[in-house]
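Participant: Questions regarding the structure given below will be posed in turn.
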């Protein structure tokens, strides 16, 4: 599914129902609860972390410890069209560093693009190491990425066109 | 009727495979979505056969325009001929990957038609102890990097009594676990991903065999969150396997029950370390545990647990189906069987090469890989992921095997081969290794947590040309402390890329 990342407002009673069933059905549920909250609401708010602590019967410090350990988990809303460029070695070997710098420059010149994409949250390896530089845009994997292909992809998503990338290139 | 085969692999999709499939379907064609053949520079690689199991011809780098103007024939410039005759494929010895790129990954009939399930059936016709013996005889060693003999690990778990989960009363249900480490975080590796997307039932079959052999009743797959396509494929495959009676309370109609759950990682590299993975599976911070106790004795939730890499477990169905001796006949010295090498980075022909151990790094990079993508001279090859050494071109004749690589100061790791051309700055790469360790360290032990930060600083001073002799000495001393004093491989192996860069490419540190 390709779309702008749009999430509903925090709803405690709905979250409580979902999380209660996760806690009932799974051993060691704290990380599962955090992931569920993030998938549903886009990020983990203080209220959500407190609810998870209550339902998992652990301290708020325990939940905060897990929340801050993992790079995926966030405490602020995500950008509308998140762009994540691979920052690992295989992509470095095909110009990943230069691409990341050029993309940051493009975002410096275009405020809307910067806000919409969050510029770049580097990610260490997307498993597309033979077709680098790789990127993930709104959760969709791209290969042989250029600044131009990123821009095209972002505007496709912005305009609601869900055609897969690269099919005409 | 003509059948078209279009990969659904994430790498092929990243190059536009979905658009091709949609265009073919719009034209009214029959389309089977397969895994990828592993010739990633040819993606999207589209194949065609006169019938479902007929021989297939292919076209490389296909575009939607090629489909729409119906130009894919023998005269098309991207025509490859019969795909299985391409030397990149025909030279390989595919064991784990025998079905990947060929079958519909979620079709149980297709799976069995190509040899699937024969391993589980063979295993369950034997006593569990005989299955353990077969795995020992095969010589199979862990593919996650450490290379520990799988049969010995399994035997240790088989020898334990099942236990109640930690914190539960002693009358609670007793368990043993099979945990698959699918947290494939090494840069330049994607063999786990492509197997999970291209033949997920093979992984589940291997887990069921392991569970039968050691007396486990629950399976967990720890999958990294960066692999959403693999998550979809595995979840669907678990549903298929349950519906077919290959998983569940009565596996293949027997009294043996085993079921599998997937848990996603959350973007932490160190969680690929087995004890950090256990912590993460239990929902906590991915902090490395001190060993002993071994996970085989006190593992997930404190019960006996087999932890193996995806490729280790996926090797097992073939070993049971085709015989442990056939497997042990492949390879060299103490490295038996096949390894799935992954050619990545600045390489002309990147992808999957499954070969018996003993193939040289040079054959992989030059013969299979066709040299650098840029066409510039090769400068270095990093073997075994971010914790592996950088080898200069004159060392590439080393055979790819566990012990042989250690002799030249390198390691097999997860089989990744990342190629760099002469534009690479190896001091920058060394700095990145330290930076990465600082970023991803779990923080439990001091050499890794603080050493990595200090490492970045020392390399920066070295590159500025300040007092280089002292800084070099300091860097080597720091690497020694990290190597000897770290709790796990994260801090303990980070010196590999740093020191190999310093040893082989000293000139890059002083410009």
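Participant: How large is Rg over Rh for region B:82-161, taking Rg from the Cα atoms and Rh as the Kirkwood inverse mean of 1/r across Cα pairs?
Facilitator: 1.06
Participant: Could you tell me the calculated FRET efficiency between residue B:506 and residue B:453, based on Cβ-Cβ distance and R0 = 25 angstrom, to the nearest 0.05?
Facilitator: 0.60
Participant: Please give, to one decimal in nm, the separation of the simple spin-label points placed at residue B:113 and residue B:250, each 7 Å out from Cα toward the Cβ.
Facilitator: In this crude label model, residue B:113 to residue B:250 measures out at 2.9 nm.
Participant: Right, here's the next one. When ranked by the protection proxy of mean other Cβ atoms within 10 Å per residue, highest first, what sequence do the peptides B:447-453, B:351-357, A:43-49, B:177-183 form?
Facilitator: Output ranking for B:447-453, B:351-357, A:43-49, B:177-183: B:177-183, B:351-357, B:447-453, A:43-49.
Participant: So, by mean Cβ neighbours within 10 angstrom, what's the order for B:305-314, B:424-433, B:264-273, A:15-24 with the highest one leading?
Facilitator: B:305-314, B:264-273, B:424-433, A:15-24
Participant: Which residues in region B:167-183 place their backbone N less than 18 Å from a point set 7 Å from the Cα of residue B:291 along the Cα-to-Cβ direction?
Facilitator: B:177-183
Participant: Turning to a different aspect of this structure: How big is the equivalent ellipsoid of region B:420-467 along its three axes, where each semi-axis is √(5λ) from the Cα gyration tensor, reported in whole Å from largest to smallest?
Facilitator: 22, 15, 5
Participant: Calculate, in whole percent, how much of the Cα-Cα pair population of region A:11-157 lies beyond 21 Å.
Facilitator: Counting every Cα pair in region A:11-157, those more than 21 Å apart make up 52 percent.
Participant: A further question on this structure: Output the 0 to 90 degree angle, nearest 10, between the alpha-carbon long axis of helix A:96-108 and the longest principal axis computed from the alpha carbons of chain A.
Facilitator: Its long axis makes an angle of about 80 degrees.
Participant: If you don't mind, there's one more thing I want to ask. Going by Cα centres, region B:451-473 and region B:1-76 are how many Å apart?
Facilitator: One Cα centre to the other: 52 Å.
Participant: With a cut-off of 15 Å, note down the residues of region A:36-50 whose backbone N falls inside the zone around a label point 7 Å from the Cα of residue A:60 toward its beta carbon.
Facilitator: Residues passing the 15 Å test: A:45-50.
Participant: Further, regarding this structure: Which number comes out as Rg/Rh for region B:246-389 once both Rg and the Kirkwood Rh are worked out on C-alpha atoms?
Facilitator: 1.05
Participant: Percent of Cα-Cα pairs per 5 Å bin, from 0 to the last occupied bin, for region B:298-358, please list those.
Facilitator: Calculated P(r), rounded to whole percents: 4, 15, 16, 20, 15, 12, 11, 5, 1, 0.
Participant: Roughly what % of Cα-Cα distances in chain B sit above 37 Å, to the whole percent?
Facilitator: The calculated P(r) of chain B puts 30 percent of pairs beyond 37 Å.
Participant: On a 0 to 90 degree scale, rounded to 10, what angle separates helix A:30-41 from the longest Cα axis of chain A?
Facilitator: 60 degrees
Participant: Another question about this same structure. To the nearest 0.05, how large is the calculated FRET efficiency for residue B:243 and residue A:110 if R₀ is 45 Å and r is the Cβ-Cβ distance?
Facilitator: The pair residue B:243/residue A:110 has a calculated efficiency of 0.35.
Participant: Averaging over every viewing direction, what projected area does the convex hull of the Cα atoms of the protein assembly as shown cover, in nm²?
Facilitator: Averaging across all directions leaves 29.4 nm² for the Cα convex hull.
Participant: Which of the peptides B:411-420, B:150-159 is most tightly packed, and how do the rest follow, judged by the mean count of other Cβ atoms within 10 Å per residue?
Facilitator: B:411-420, B:150-159
Participant: Across every pair of different alpha-carbon atoms, what Kirkwood hydrodynamic radius in Å does region B:389-511 reach?
Facilitator: 14.8 Å
Participant: Can you tell me the equivalent ellipsoid semi-axes for region B:370-446? Use √(5λ) from the Cα gyration tensor, largest first, whole Å.
Facilitator: Sorted largest first and rounded, they come to 23, 18, 10 Å.
Participant: Binning at 10 Å from 0, report for region B:98-217 what percent of all alpha-carbon pair distances ends up in each bin.
Facilitator: Pairs per bin, as whole percents: 12, 35, 36, 15, 2.
None of the figures in this text is laboratory data; all of them are computed from the coordinates on show. Quantities reported herein were computed from a predicted structural model and do not represent experimental measurements. Cβ coordinates were reconstructed from backbone atoms using ideal geometry, including for glycine residues, and neighbour counts include every protein chain displayed.
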